[in-house]
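**Q** One structure coming up, written as structure tokens, with questions to follow.
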Number of protein chains: 2
Amino acid sequence: MTPYVNPPQNNTKVYIGIVKQLRSMIEHDGLKPGDRLPSERELSERLGVGRSSVREALRALELLGLIETRRGEGTFMRDFRGHQLVQLLSTFILQDKKSIRDVKETKFLIELDCLWLIIQKAGEDQLLRFKKWSLEADYSDDDFFLEIVTLADNHLFLRIWIILKDYYNSLDLETMMVTREQYARLIETLISRNESEVIRVYRNLRKLSKS
Amino acid sequence: MTPYVNPPQNNTKVYIGIVKQLRSMIEHDGLKPGDRLPSERELSERLGVGRSSVREALRALELLGLIETRRGEGTFMRDFRGHQLVQLLSTFILQDKKSIRDVKETKFLIELDCLWLIIQKAGEDQLLRFKKWSLEADYSDDDFFLEIVTLADNHLFLRIWIILKDYYNSLDLETMMVTREQYARLIETLISRNESEVIRVYRNLRKLSKS
DNA sequence: TTCGCTTCAGTGGTCAGACCAGTTTATTTT
DNA sequence: AAAATAAACTGGTCTGACCACTGAAGCGAA
């Protein structure tokens, strides 16, 4: 019913326009994960385009992991976190030595940045709670650093890191064993807020001799 | 001609199957950026599916930045290196427009990371060429740091930084005046490869007292 | 020959319509 | 009221038809 009838979408491909329309529609209506989108036929009619064009847009968004479609039911918003996207990209990119190096390099440096941010910003209580968690919980390396990046309290780094993490994991590199002690030591140095020591411990944990 | 007719692709959606077929086709034929893919009609025939399904797959890959289509010419492989990944990310970063602080913080830290990378990896000649450029050219802060990030030779950081830069500029913050001397000093410390000094000079340049 | 124009086959872009295969809701039957 | 059935939706897919654009082949004039 609502007249989402577009801005004159000149020149660009229809399906791209539809993607944009969908985004503003999602924002406008405040759609959240789990919510249903209008049906393909309704979108087609509302936007004044063919159903096949609507489908091209929806399929693209689906491959991106932004939406989910269930036959007979409809199309739904999804709780996206890059998963789908990263997985697909990684299968395509493959064998690109430099890309792989970039991913590793970037992931490590951002983790280091977050450690630095924690030293600057985190409260004593947060760090102690983190320490407590590390002693009790059963966690993987990803879990551990997700906590780190979360503690750093920077939304952008969080998002970037999550994507890098997924991408990194999809690379299927040899996994580095990190002992409980190493994690514990890192936390201790965080609590002591010793910048250079944190860097040292982190590099050691990541088996980074120098670079 | 070649019978790419693969696994019966049961159960999954046709367009997903086509994406997979395309990937193996690309791998099998060793297609590189710039190379042309078979036409939609040919793919449709080869894979025994409808052209609309082929299009759904191609449109999705296009939105991902893996391929590029030109009307009247065809569909071509694209030079992808994870950049689209970040670009996609940006459209969602831009959604939560809350944290200006995060943008600044992230931009600065990434610039610092790049400076560190340069110290580690850049060759003497590159640095000298950079210095020469800085003495002759007329550049803005963005120009200067674009050089920095480029020198760091990390595609992901480059992409992320560009997005952050654009976003940062759109925030319309008070611009910080940076003198030519400060840029020059930064370059000098880079050439001397003095890590802690680079950090100090950079912070000073960005007017970051401590954090 | 060589240059310039026209023609035409090929390619992506888009739409409309037709089915199929599931799910949900309404209706009828028990 | 409960169960079985029917209708109305929703996505999934294919086909065929145009359109707009590109590039190369063909052709004629210089």
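The values are calculated or read from the model by the stated rules, or taken from the named source; none is laboratory data. Quantities reported herein were computed from a predicted structural model and do not represent experimental measurements. Because the Cβ atoms are built from the backbone with ideal geometry, glycine has one as well, and the counts that use them run over all protein chains shown. What goes into the accessible areas is simple: the full protein's heavy atoms, side chains included, and nothing from ligands, DNA or RNA. Shrake-Rupley method; radii C 1.70, N 1.55, O 1.52, S 1.80 Å.
**Q** Tell me, what is the FRET efficiency for A:Lys20 and B:Asp79 to the nearest 0.05, using R0 = 35 angstrom and their Cβ-Cβ distance as r?
**A** E(calc), rounded to 0.05, equals 0.90.
**Q** Quick one: label points 7 angstrom along Cα→Cβ at A:Ile199, distances to the other copies in nm, smallest first?
**A** Taking the point 7 Å beyond Cα along Cα→Cβ, the inter-copy spacings are 0.4 nm.
**Q** Which distances, in nm and shortest first, link the A:Asp35 label point to the same label point in every other copy, taking 7 Å along Cα→Cβ?
**A** 4.4
**Q** Next up: Using a 1.4 angstrom probe on heavy atoms only, work out the carbon and sulfur share of the accessible area of the stretch B:14-77 in %.
**A** Heavy-atom surface of the stretch B:14-77 belonging to carbon and sulfur, 1.4 Å probe: 45 percent.
**Q** List the accessible area buried at the contact between B and A, summed over both sides and calculated with a 1.4 Å probe, in Å² to the nearest 100.
**A** The B and A chains share an interface burying roughly 4900 Å².
**Q** Looking at the stretch A:86-205, how many pairs of lysines come closer than 30 Å at the Cα, when each pair is eight or more places apart or spans two chains?
**A** 17
**Q** Please compute the length gained on full extension between B:Ile199 and B:Arg51, using 0.36 nm multiplied by the number of residues separating them and subtracting their Cα-Cα distance.
**A** Stretched fully, the B:Ile199-B:Arg51 segment lengthens by 47.6 nm.
**Q** Sticking with this one: Quick one: Kirkwood hydrodynamic radius for the stretch A:86-205, alpha-carbon pairs, angstrom, one decimal?
**A** Over the stretch A:86-205, the inverse of the mean reciprocal pair distance is 15.0 Å.
**Q** What fraction, in whole percent, of alpha-carbon pairs in the stretch B:123-193 exceed 19 Å separation?
**A** That tail contains 39 percent of the Cα-Cα pairs.
**Q** How much of B:Ser196 can a 1.4 Å solvent probe reach, expressed as accessible area in Å² and rounded to 10?
**A** Its heavy atoms expose roughly 80 Å² to the probe.
**Q** Follow-up. Put a point 7 Å out from Cα along the line to Cβ at A:Glu124; what are the distances to that point in the other copies, in nm, shortest first?
**A** 5.1
**Q** Lys and Arg at +1, Asp and Glu at -1: add these up for the other residues within a Cβ distance under 14 Å of B:Ala137 and post the number.
**A** -2
**Q** Hey, another quick one. Take the alpha carbon gyration tensor of the stretch B:14-77, find the square roots of its eigenvalues, order them as a ≥ b ≥ c, and report rounded if a/c is under 1.5; if not, report prolate when a/b exceeds b/c, else oblate.
**A** Rounded, since a/c falls under 1.5.
**Q** Using the Karplus curve 6.51 cos²θ - 1.76 cosθ + 1.60 with θ = phi - 60°, work out ³J(HN,Hα) for each residue of the stretch B:20-31 in order, rounded to whole Hz, and write x for Gly and Pro.
**A** Coupling constants for the stretch B:20-31: 5, 4, 4, 4, 5, 4, 4, 5, 4, 8, x, 6 Hz.
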